[in-house]
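Beneath this line is the structure, given in C-alpha cells, with notes to follow.
The values are calculated or read from the model by the stated rules, or taken from the named source; none is laboratory data. These numbers come from a predicted model, not from an experiment. Positions of Cβ are backbone-derived with ideal geometry, glycine not excepted, and every protein chain shown enters the neighbour counts. Please note that ligands, DNA and RNA were not included when accessible areas were found on the heavy atoms of the full protein model with its side chains. Shrake-Rupley method; radii C 1.70, N 1.55, O 1.52, S 1.80 Å.
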Amino acid sequence: MDIIVAGCGKIGKSIIRSMLKENHNVTVIDIDRNVVASMTDTLDVLGIVGNCTSYDVLKDAGVKSADLFIAVTGVDELNMLSCYVAKKMGAKHTVARTRDYEYNRKSFDFVKDQLELSMTINPELMTAQFIFNLLKLPSATNVEMFSRNSFEVLELNVNKNSPLIGVPLLELRKKIPVNFIVFSVLRNGELTVPNGSFVLCESDKIGIIAQITQSHTLLKLLGFEQKQVKDVVLVGASKIAYYLSSLLIKSKNSVKIIEKDRQKCEDFATRLENVPTIICGDGTSHELLRENRITDASALVALTNSDEANILMSYYANSKGVGKVITKVNNKELGSISEELGVGSQISPKTIVANVLVRFARGLENVKGSKLETLYRLLGGKAEAVEFLILDDFKFKDVPIKNLRFNKNTLIAGIIRDRSCIIPCGEDVIKAGDHVIISTAGQSLYDIYDAILK
Amino acid sequence: MNNKMIWNIVGRVVRIEAILLLLPLITSIIYTENFSVLAFLITAVIAFILGGLLVFFTKTSNHIIYAREGFVIVALAWISMSIIGSLPFIISGKIPSFIDALFETVSGFTTTGASVVKDVTQLGYGLNLWRCFTHWIGGMGILVFVVAFISKTSDRSIHVLRAEMPGPIIDKITPRSKDTAKIPYLIYSGLTILLIVMLFLGKMPIYDSIVTALATAGTGGFGIYGDSVASFSSYSQWVIAIFMLLFGVNFNVYFLIAIGKFKSAFKSAELKVYILIFVSAVIVVLLNILKTCANFEEALRLSVFQVSSVMTTTGFSTADYNLWSEMAKSTLLMLMIIGGSAGSSAGGLKVSRVMLLFKKIGAEFKRIINPKRVNTIQLEGKRIDEASVSGVTSYFAIYVVLIAIIAFLLSIDGFSFETNLSASIACFNNIGPGFGAVGPIETYASFSPFSKIILMIAMLLGRLEIYPLLIALAPSTWLKK
C-alpha cells in the first residue's frame, strides 16, 4: 500500500519504521529540511519538505493515489486540516492525531464524521488504556484483549520458583484444569514456537493465550502471585496520567499523583471531577517517597518526561516490594538497559501507536476468505497474535483442524463462535462467521491463508 | 567502515558479470568462433567462482552502510568489473597486453569508447558484442541494476544510488529505492529495443543493429567497423543521431511522460537548455562546414550527427572533424565539457551542473555589487540549498584541476598540446575521440602504458563523478584511527 506520513516526530518515526517493516511504500512530509534528509538517508522512504496542509506539497507526495494518509504533527488542528485536504484530493483513508482533551469527547464524533476521518489517534489515551489493562493482571508484563472480551494474550516472565519450570508443556496442560496455550517462548533473545515436549526454564519470557474469564485462576494455578491492585501511585501529571486516573477512579481504585510543577498540579485538580490525592514534589526525592509511604502502594506508574528518572523510580519501587511497577520509556537504548535490569513492565507510547496503525493498515488490505480484526505484537514485536473473522468464501470451512496443514510457526489458539470460546482440538472445525485467533512467531500474517496452507 | 558489506556487494556484482558474459558467449557459439568461446567460458567461470567466494566469506548481519561505504562500493565494483571484463580479450589472444585489454574494458564500462585496437573487425563477433555490451551495462550503472533487481531491500541503498548515478542532485522519484532504480532501467531497455527495431527496419543486419544500439544507448561509441558508423546508410545515421540525443536526456523526463505528466515533463529547465545548446551548436557547425559538403542534406546530417555524438559523449563519428575549421572544433570542445543531462547515460559536466554554475556566478556578481542582498538560487522553481550549490562549484574546481594534471602527465609521451588536452578531456568526459593524434579516425594505441593507466583513471573519475574513486583511494578511508 502507498502510505503517507506527515510529521516526523517521535511517534511519526516509529510509525514509519513499522510501516516499512510491513512492506508498504512510505512517503514522509515534514517542514524541517534536516529531518527529512535524515529520514531519507537512513530509511527507504521518499521525503518531501513542506507544509502538510499545502495542496502542492500533498500533490508532490502523491496523495491522489495514496491508500492511507497519517497526520501526526505536533498540532491537532494542522493534522485535521491536512487530513481533510488529503481526503478531498483522493486519499482513501485518513488518520489524524488529536491529543487535546477537547478533541477526545463524544461530541467530537461530529467533527470526525464531517472531516471523513477514518480514525483519530490519541497516543496518551491509548497508553493510558494499555496501562489500565496491565494493572488488572499485575503479574503479566503485557496484556491484550480480543474482541467481545473473549480471549486474552498474556506476556509473562518465568520466575525462579515457578511450577512451569522443568515440566513438558503437554503434561503441564494435563495437570492444570484451565485451558491455555503457550504459543511462543523468548529465550536469550531467540524466539521459538514450543511443541508439547518443550520444557521451560528460568527467565524465559512466554506468550500465553487463555479465556478472559479464566485467566485470573490460570495465573494463580501457574504460581503467579495475584495481588489485586487497589491503590496506584502515578508520578508525573502528564496527559497519560489524566486519562489513566479517570479510568482508575471509575473502577474504584485510589490514586495518588506526584508532580513537581505546582501549576500542573492545580490544572490537574481542576480538570478531574473526583480529584485524587495530588502531591506537589519531586518523585525522585527519597524523603518524599518515604513520607508518602510509596512503598506501601500496590502499584507505581512512572510517567515523567525523563526516562532516566522513570527507570530510577521504578527500580527503587521494585526493590521496596511494590507489587506492580510500570515504567514509561521513550528512548529505545535506555529501554533495553532497564529491560535487562528487570524493573517490571515497560511501555512506550510510540510503540503502542505504531502497533495500532499497523493493525489498521493490515485491516485495509484486500483479502479473501477472512478479515483481520485485531492484531497484537508481543515479546518485543517478534511474536504476533491475530484475530480473523472468517468470511463465507473461506476455502476450508467445516474441515476438521487435524486435516489442515499449518505453516510451521503458527498455531490456532482459539475460536470464538457466537458468544462461546473454544480452545480447539483436532476434531473442531472452522465455520463462516467464526473469529479465529492465530498466533505466529517470526513472521507476519496478512490473511488466514498465510497460516493455513492446505 | 562496514568492510564485509562492501565486499559482499562487490562479490554480487562480479557474479552478475559472470551471467552477463553469457550473452557474448552465446554469440561466439552462434558464429562458431572457437577462440572466443573458450575465452568467455573461462572468464565466466572465474567470475562466478570469485564472486561466489566473496559473497560466501562476507556474510554479515550488519547491513548498515553510510555515504562513505556507498562511494567505496561503487569504486571497487567498477574496478573489479573492469579487470574481469578484460580477461576475454587477453585469453582469446586478440589483445594480448593486460594494460591494453584493461584500457579497452574500462573505456567500455565508462562508456568512453576510446579504443587501442587498430582493426576492430579482426576481433570477431563475440568480442565486439562484449565491447558494446560493456557500454550498455556501464551506461545506466551496474549497481543501479543490483539495487533494482537483485538486492533485498536495504534502507540505505540510496547511498549507493547517489554514488553511481550522475548529476548534482540525486533524489528519489518513488518511495522505494528499488523502484527508483528500476524505472530508469526499464526506460533504458525500452529505448534500446526501439532503436534495434528502427535500425533493423533500415535494412541493417540484425547483429549490427543490436551491437550499434547497445553502444548508442550507453552513449559509448565503440564501432564495429574501422570507420566507426560512417559506412552506414544515411537513414541509419539519422536514426543513430536522434537516439544519441534521446539518451542524453534526463530519464525522469521519460518517466513523467510515461505516467502522463506531460506538463511537468516539458517544464524541465534542463531539457530546454539541453535542446538550446544542441540547436545553437548545430547552426554554428553547419555554417562552418557548409562549403566543404556536397549538398545541404549532407552538411545538416554531418553537423547534427557530430554535435549529437559529442554532446552526449557518445563518440561515434561520420566525418573526420579533425579537418574542420577551428571554430567548428572549438564548438565541439565546449560540447565535450558540457556533456548531456543529469540522470541520463551521457557523461560530461552535465547541463544542470553548468546551469547551476552560471546561476552561482550571477548570484556572486549581485553579491559583490550589493553585499547585503539576499540571493537564493532556484532551478525549475525550486530553491537549491546552499550545500548543493557549493557542491557544484567545488566539483567544477576539482574537475578543472584533474583535467590539467592528466594533460600534464600525458605530455611525457611527447605528443602535441592539442592531443594531450583533448585526450584528457575526451577520456574524462567519456567521449572517446578527441583532436590531433586521438582524432575520430585515430586510436589511443600509440600512447605509452603509463599514459594508458592515467587515461583509465581519468575515464573512471569522469564516469563516477570523481568522488567515489578519490574516496576509495584515500588512505584515511582504510586506516583505522
Report summary line: Scanning the range B:10-24 residue by residue, those surrounded by fewer than 21 Cβ atoms within 10 Å (Cβ to Cβ) and farther than 14 Å from B:Ser80 by Cβ turn out to be B:Ile19, B:Leu22, B:Leu23
Query raised in the report: Among the residues of the range B:68-85, is any surrounded by fewer than 19 Cβ atoms within 10 Å (Cβ to Cβ), in a helix (DSSP H, G or I) and either touching a Lys or Arg at 6+ places or on another chain (Cβ under 9 Å) or among the small types (Gly, Ala, Ser) (or both)?
Result: no
Report task. Go through (1) surrounded by fewer than 19 Cβ atoms within 10 Å (Cβ to Cβ); (2) at negative phi one by one and return the number of the condition A:Thr141 breaks. Result -> (1)
Requested in this report: Give the range A:239-257 a look and list any residue that's open to solvent by 30 Å² or more (accessible area, probe 1.4 Å) and of a type in the set (Ser, Thr, Tyr), or say none.
Outcome: A:Tyr242, A:Ser246, A:Ser251, A:Ser254
Query raised in the report: When both residues are 6+ apart or on different chains and their Cβ atoms are under 8 Å apart, which pairs have a first residue that lies in the range B:265-288 and is within 28 Å of B:Trp324 (Cβ to Cβ), and a second that is open to solvent by 40 Å² or more (accessible area, probe 1.4 Å) and part of a loop (DSSP other than H, G, I, E, B)?
Result: B:Asn288/B:Ser325
Query raised in the report: From the residues in the range A:40-66 that are closer than 20 Å to B:Arg383 by Cα, among the aliphatic types (A, V, I, L, M) and surrounded by fewer than 23 Cβ atoms within 10 Å (Cβ to Cβ), which one is farthest from the other protein chains (Cβ to nearest Cβ)?
Result: A:Val57
Report task. Considering each residue of the range A:47-68, count those that are on the phi > 0 side of the Ramachandran plot and in contact with a helix residue (DSSP H, G or I) (Cβ under 8 Å, 6 or more places away or on another chain), and give that number. Result -> 1
Query raised in the report: So A:Asn122 clears everything in (1) open to solvent by 30 Å² or more (accessible area, probe 1.4 Å); (2) at pLDDT 85 or above except one condition, right? Which one?
Result: (1)
Query raised in the report: Taking A:Asp30, is it modelled with pLDDT of 90 or more and either outside the structural domain of A:Ser82 (by TED's automatic domain parsing) or acidic (Asp, Glu) (or both)?
Result: yes
Report summary line: Of the residues in the range A:205-236, those that are farther than 25 Å from A:Ala302 by Cα and charged (D, E, K, R) number 1
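Per-residue answers, yes or no, for (1) acidic (Asp, Glu); (2) assigned to a loop (DSSP other than H, G, I, E, B); (3) open to solvent by 20 Å² or more (accessible area, probe 1.4 Å); (4) within 14 Å of chain A (Cβ to nearest Cβ):
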residue: B:Ser61; (1), (2), (3), (4): no, yes, yes, yes
residue: B:Ile90; (1), (2), (3), (4): no, no, yes, no
residue: B:Lys94; (1), (2), (3), (4): no, yes, yes, no
residue: B:Val117; (1), (2), (3), (4): no, yes, no, no
Query - Hits in the range A:9-30 (condition: away from chain B (no Cβ under 14 Å) and not in a helix (DSSP H, G or I)) - result: A:Gly9, A:Asp30
Query - Of residues in the range A:283-305 being surrounded by 15 or more Cβ atoms within 10 Å (Cβ to Cβ) and assigned to a loop (DSSP other than H, G, I, E, B), the one nearest to the chain's Cα centre (by Cα) - result: A:Leu303
Query - Test: residue in the range B:158-172 that is open to solvent by 20 Å² or more (accessible area, probe 1.4 Å), within 14 Å of chain A (Cβ to nearest Cβ), touching a strand residue (DSSP E or B) at 6+ places or on another chain (Cβ under 8 Å) and not hydroxyl-bearing (Ser, Thr, Tyr) - result: yes
Query raised in the report: Looking at (1) among the aliphatic types (A, V, I, L, M); (2) over 21 Å from B:Glu465 (Cα atoms); (3) part of a loop (DSSP other than H, G, I, E, B), which is the one condition that is false for B:Leu349?
Result: (2)
Query - Qualifying positions in the range B:253-269 - open to solvent by less than 50 Å² (accessible area, probe 1.4 Å) and either under 16 Å from B:Tyr185 (Cα atoms) or in a loop (DSSP other than H, G, I, E, B) (or both) - result: B:Val253, B:Tyr254, B:Phe255, B:Leu256, B:Gly260, B:Ser268
Query raised in the report: Taking the range A:176-202 as the search range and keeping residues that are polar (S, T, N, Q) and closer than 24 Å to A:Arg377 by Cβ, which one is nearest to the chain's Cα centre (by Cα)?
Result: A:Ser184
**Report entry** Search result, residues across the range A:392-431 that are closer than 22 Å to A:Asn179 by Cα, in a loop (DSSP other than H, G, I, E, B), basic (Lys, Arg) and over 30 Å from the mean Cα position of the chain (by Cα)
**Finding:** none
Query raised in the report: In the set A:Gly414, A:Gly426, which member is crowded, with 22+ Cβ neighbours inside 10 Å, farther than 22 Å from A:Ser18 by Cα and not aromatic (Phe, Trp, Tyr)?
Result: A:Gly414
Requested in this report: Evaluate the range A:67-75: report whether one residue or more is more than 14 Å from every other protein chain (Cβ to nearest Cβ), surrounded by fewer than 21 Cβ atoms within 10 Å (Cβ to Cβ) and over 24 Å from B:Ser157 (Cβ atoms).
Outcome: yes
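Residues are listed down the side, and each one gets a yes or a no for (1) open to solvent by 10 Å² or more (accessible area, probe 1.4 Å); (2) closer than 23 Å to B:Asn252 by Cα; (3) out of contact with any Lys or Arg (no Cβ under 9 Å at 6 or more places or on another chain); (4) more than 13 Å from every other protein chain (Cβ to nearest Cβ):
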position: B:Gly138; (1), (2), (3), (4): no, yes, no, yes
position: B:Ile142; (1), (2), (3), (4): no, yes, yes, yes
position: B:Gly202; (1), (2), (3), (4): yes, no, yes, yes
position: B:Ser228; (1), (2), (3), (4): yes, no, yes, yes
**Report entry** Condition broken by A:Ser319, with the remaining ones in (1) surrounded by fewer than 21 Cβ atoms within 10 Å (Cβ to Cβ); (2) among the hydroxyl-bearing types (Ser, Thr, Tyr); (3) within 22 Å of the chain's Cα centre (by Cα) satisfied
**Finding:** (3)
Query raised in the report: Restricting to the range A:9-23, what's the tally of residues that are closer than 16 Å to B:Ser177 by Cβ and either among the aliphatic types (A, V, I, L, M) or crowded, with 23+ Cβ neighbours inside 10 Å (or both)?
Result: 3
Report summary line: Given the conditions (1) over 23 Å from A:Ile16 (Cα atoms); (2) without any contact (Cβ under 8 Å) to a residue 12 or more places away in the chain; (3) within 14 Å of another protein chain (Cβ to nearest Cβ), every one holds for B:Ser189 apart from (3)
